[in-house]
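The values are calculated or read from the model by the stated rules, or taken from the named source; none is laboratory data. Note that the structure is a prediction, hence the values are computed from the model and not measured. Glycine also receives a Cβ, built like all others from the backbone with ideal geometry; neighbour counts cover every protein chain displayed.
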Amino acid sequence: MLYLPPSLFALAVATSHRRQNTHIRDIDTDALVRLFLGGFFPGVILAMLAETVLTVAGLGVFLALDHGDILGQIQQYRAQHPPPANATLNVGDVLSHIRIRHSLSVLLGMAFMAFVVAGAVEESIKTWLVLRGPCFIRPSTWSHGATSSTLSVNPPTDAAAATPPFHFVLSFAAVGCGFATIENVSYAFLTPTLALQIWAAAVRGLLATPLHMICATLTGMQLVLLPPTTSTSKLFSRRVGRAMLPGIVLHGAYDLQSFLFTFWLNDDDNIMSFGASALCLVVGGLYLNYLRGHIHWTDNYHPVGLVDDDSASMLV
C-alpha cells in the first residue's frame with residue numbers, strides 16, 4: 001500500500017508519455033526520478049530538522065503559558081498509570097488524558113503545528129526543490145527532448161527554451177509523491193506492531209500521499225498562472241509565497257482536523273478524522289480542476305522570472 005501511489009503515478013506518466021498531445025511529449029523521466037528522490041533527500045531530512053526546531057520553540061511557548069496546570073496533570077497521570085518495567089510512558093496516552101482549561105491556547109498550538117510546522121515548512125521545501133534545490137532541473141530539460149546530461153548551466157532567456165506548463169506541474173507532483181512516500185515509510189516502520197504497520201501504511205498511502213501531491217501540484221499550477229516577470233529577491237519570495245498559500249492552507253486544514261479529532265475530541269475509531277481527511281482531498285481535487293481549466297497547456301512558461309539561487313533559498 002505504501003508504494004501503490006508512486007506506482008500509479010509512474011504508470012500515469014508512462015501512459016502520458018505515449019500519447020501524441022503536444023503538451024505531454026518529450027517527458028524527461030530522469031528529471032522526474034531525480035525530483036522524486038529529492039523528496040526523500042534532502043526533502044524529508046530538511047523538513048524533519050526545521051519541524052523539530054519549530055516544535056521545540058512552540059512547545060516552549062505553550063508550556064510557558066500553561067505550565068503549572070499541564071505539568072500537574074502529567075504528574076497526576078504518571079502516578080495513577082505507572083508504566084510497566086523497562087517501558088516508557090506513551091506520549092499519546094498522556095496527551096489524550098490532559099484536560100486543557102485554556103482552550104484557546106491549545107487550539108492556537110494545534111494551528112501552529114498544522115499550518116506552520118507541517119504546512120508551511122513542507123510546502124516550502126517541496127517548492128524549493130523544484131525551483132532551485134539540488135534536484136532542480138533547468139527548464140531546457142523539458143525542451144526538444146533534451147536529457148539531463150545535455151543541460152546548460154545557464155537559465156534560459158528565450159521563449160523557445162521555456163518550460164511547458166504540464167512538465168512544470170508534473171515536477172511538483174513528483175516531488176510531492178517522493179516526499180510523501182518516504183515520510184509514509186518512516187511512519188509505518190516506526191510503529192510497534194505488524195498490525196499497526198499495515199494500518200499506518202494503508203491509511204497514509206490512501207490519504208497522506210494524495211494530499212502531498214495535491215498540495216505540491218496546487219503550488220505548481222499557481223506559479224504557472226503568475227504573469228512572467230524579472231523580479232527582485234523580495235518580490236520573488238512574495239510571489240512564490242502567494243503561490244504556495246493554497247497548498248499550505250489545505251495541508252494545514254488536513255493536519256488540524258486530525259489533531260482535533262485525535263487528541264481533543266477522542267475520536268477513537270478515527271471515523272470523523274477519515275471523513276474530514278477525505279473532504280480535504282475532495283476540496284483540493286476540485287480546486288486543482290478549477291485551476292487546470294485556466295492554464296494554457298500548450299504555452300511555454302518561464303518559472304516565476306529569472307532570479308538567482310540565493311533568493312530562492314530564502315524560501316527554506
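All conditions but one from (1) modelled with pLDDT under 80; (2) in a helix (DSSP H, G or I); (3) β-branched (V, I, T); (4) farther than 30 Å from M213 by Cα apply to I100; the one that does not is (2).
Taken together, the residues in the range 271-316 that are modelled with pLDDT under 60, outside any helix (DSSP H, G or I) and of a type in the set (D, E, K, R) amount to 1.
Suppose we keep only residues that are at pLDDT 80 or above and either of a type in the set (A, V, I, L, M) or buried (at least 18 other Cβ atoms within 10 Å of the Cβ) (or both) within the range 59-78. Which one would you say is nearest to the chain's Cα centre (by Cα)? Per the stated criteria, the residue is L59. Of all residues in the range 239-259, none are over 23 Å from A174 (Cα atoms) and modelled with pLDDT under 85.
Determine if the range 175-193 includes at least one residue that is among the aromatic types (F, W, Y), over 18 Å from S258 (Cβ atoms), in contact (Cβ under 8 Å) with a residue 24 or more places away in the chain and touching a Lys or Arg at 6+ places or on another chain (Cβ under 9 Å). Taking every residue of the range 175-193 in turn, none turns out to be among the aromatic types (F, W, Y), over 18 Å from S258 (Cβ atoms), in contact (Cβ under 8 Å) with a residue 24 or more places away in the chain and touching a Lys or Arg at 6+ places or on another chain (Cβ under 9 Å). Selection within the range 8-48: residues that are exposed (fewer than 12 other Cβ atoms within 10 Å of the Cβ) and modelled with pLDDT of 75 or more. The member of this set that is nearest to the chain's Cα centre (by Cα) is L11.
Going through (1) over 24 Å from T298 (Cα atoms); (2) more than 18 Å from the chain's Cα centre (by Cα); (3) of a type in the set (A, V, I, L, M, F, W, C); (4) at pLDDT 85 or above one by one, V224 falls short only on (1). Taking each residue of the range 201-213 that is crowded, with 21+ Cβ neighbours inside 10 Å and looking for partners that are among the hydroxyl-bearing types (S, T, Y) with beta-carbon atoms closer than 6 Å, six or more apart or interchain, yields R204/Y187; L211/Y254. From the list P155, P139, the one residue that fits, being at pLDDT below 55 and more than 15 Å from A31 (Cα to Cα), is P155.
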